[in-house]
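The values are calculated or read from the model by the stated rules, or taken from the named source; none is laboratory data. This is a predicted model, so every value here is computed, not measured. Don't worry about glycine lacking a Cβ; one is built from the backbone with ideal geometry, like all the others, and counts go over all protein chains shown. For the accessible areas, the whole protein counts, side chains as well, though only heavy atoms, and no ligand, DNA or RNA atoms are used. Shrake-Rupley method; radii C 1.70, N 1.55, O 1.52, S 1.80 Å.
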Amino acid sequence: MNNIIPNLTDKKVVFHLIKNFKIRLSKKLGQNFLINDNVARDIVASANITKDDTILEIGTGIGALTQKLAETEAEIITVELDRSLLSILEKTLEPYKNVRIIHGDILKLDLNQEIPNKRYKVVANLPYYITTPIILSLLEKKLPMELFVVMIQKEVAERIVAEPNSKTYGALSIAIQYYTVPEIMFTVSNKSFIPEPGVESAVLRCTLRDTPPVDVKDEQLFFKTVRSSFAQRRKTLFNNLKAAGIDKDQIPQILSKADIDGTRRAEQLSIEEFARISNAWFDLLK
């Protein structure tokens, strides 16, 4: 590397690496390499990183975002699924002794073993085809995360931050907002990637809550209530709950105790109202 560290978001450098290492970008793995230096730096800035932080990156790629993370002097642990990229990363990230590369599937890794006894921040350019499973998996495992900053499909980011009485509000909105306080930091043009994805992107920052915004008696039942209520958006709350397997004679009892009108639709209900329904259902099951 001739002691000169190339900028891994530089378009010429990226094309050089693709050609010299004969990289075959995988649509299956949702590989889109970032070629916008300002975007990479803004992602890092959104995570408020200090040198004392530990950062978990998901999807190393050729190391474009990893490089900017490493420059903060924080401890960087980056996970890459594509084995064919590992030999490239050994070269591109060689100058950064604060980076540890793990080959593996983030959905299968035991992160408590990989990052023991530490709180950390998650920063990632997530593959769009598996964005939701990754985010929900990290949250449901209740890992010691402080926040996560992820670049995802703009449409998904808008669903995550959506409020009641909007078309984008749904079960995903409630699930993420139960665990975190989400906010869209900025949007990203598809021209910031090689190859260009067919959609716009957005950078989402989610700060983990110390406690959920509502008290629920059973989390699994709460999320079942939410998913069931949104199963068919055009149906009323009563009909969706009936389709979920609740005895139709018990539904009025549940809704009455929760003080909820069963003719409303799920998109009209707040997270607090869903908590009241699930708690009333829980009491009936006892």
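For region 168-190, name all the residues that are of a type in the set (S, T, N, Q) and open to solvent by 10 Å² or more (accessible area, probe 1.4 Å).
Step one: filter region 168-190 for residues of a type in the set (S, T, N, Q), giving 168, 173, 177, 180, 187, 189-190.
Hits for region 168-190 are T168, Q177, T187, S189, N190.
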So, in region 107-141, exactly how many residues are in a helix (DSSP H, G or I), buried (at least 20 other Cβ atoms within 10 Å of the Cβ) and of a type in the set (S, T, Y)?
1
Hits in region 266-283 (condition: of a type outside the set (A, V, I, L, M), over 15 Å from K235 (Cβ atoms) and not in a loop (DSSP other than H, G, I, E, B)):
E272, E273, F274, R276, S278, N279, W281, F282, D283
Checking V199 against (1) over 28 Å from L221 (Cβ atoms); (2) modelled with pLDDT of 95 or more; (3) among the hydrophobic types (A, V, I, L, M, F, W, C), the condition it does not meet:
(2)
Among helices (runs of 4 or more DSSP H) entirely within region 215-265, at least 3 residues that are under 31 Å from the mean Cα position of the chain (by Cα) occur in 219-229, 237-243
Matching residues, region 231-248, being modelled with pLDDT under 90, open to solvent by less than 60 Å² (accessible area, probe 1.4 Å) and of a type outside the set (V, I, T):
A244
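For region 17-29, state whether one or more residues are of a type in the set (G, A, S) and outside any loop (DSSP other than H, G, I, E, B).
Within region 17-29, the subset of a type in the set (G, A, S) is 26.
Checking which are outside any loop (DSSP other than H, G, I, E, B) leaves us with none.
Looking for residues that are of a type in the set (G, A, S) and outside any loop (DSSP other than H, G, I, E, B), one finds none in region 17-29, hence no.
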Every pair of residues 6+ apart whose Cβ atoms lie under 6 Å, when the first sits in region 69-94 and is of a type in the set (G, A, S) while the second is crowded, with 20+ Cβ neighbours inside 10 Å:
A70/I76; A70/V99; A74/I49; A74/D53; A74/I55
With respect to the numbered conditions (1) without any contact (Cβ under 8 Å) to a residue 60 or more places away in the chain; (2) touching a helix residue (DSSP H, G or I) at 6+ places or on another chain (Cβ under 8 Å), which one is the sole condition not fulfilled by S137?
(2)
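Table: residues versus (1) charged (D, E, K, R); (2) without any contact (Cβ under 8 Å) to a residue 40 or more places away in the chain; (3) in contact with a strand residue (DSSP E or B) (Cβ under 9 Å, 6 or more places away or on another chain).
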residue: F193; (1), (2), (3): no, no, yes
residue: P197; (1), (2), (3): no, no, yes
residue: E200; (1), (2), (3): yes, no, yes
residue: L204; (1), (2), (3): no, no, yes
residue: F223; (1), (2), (3): no, no, no
residue: V226; (1), (2), (3): no, no, no
residue: Q253; (1), (2), (3): no, yes, no
residue: I260; (1), (2), (3): no, yes, no
N165 fails exactly one of (1) open to solvent by 40 Å² or more (accessible area, probe 1.4 Å); (2) more than 21 Å from I260 (Cβ to Cβ), namely (2)
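Do we have any residue at all in region 143-161 that's in a loop (DSSP other than H, G, I, E, B), modelled with pLDDT of 95 or more and surrounded by fewer than 19 Cβ atoms within 10 Å (Cβ to Cβ)? So that I can check it myself, show each step before the final result.
Restricting attention to region 143-161, the residues satisfying the condition of being in a loop (DSSP other than H, G, I, E, B) are 143-144.
Next, only the ones that are modelled with pLDDT of 95 or more stay: 143-144.
Within this subset, residues satisfying the condition of being surrounded by fewer than 19 Cβ atoms within 10 Å (Cβ to Cβ) are 143-144.
Yes, region 143-161 contains at least one residue that is in a loop (DSSP other than H, G, I, E, B), modelled with pLDDT of 95 or more and surrounded by fewer than 19 Cβ atoms within 10 Å (Cβ to Cβ).
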Would you say F21 is under 20 Å from the mean Cα position of the chain (by Cα) and modelled with pLDDT under 95?
no
Being modelled with pLDDT of 95 or more, of a type outside the set (D, E, K, R) and in contact with an Asp or Glu (Cβ under 9 Å, 6 or more places away or on another chain) is the requirement here; does V122 meet it?
yes
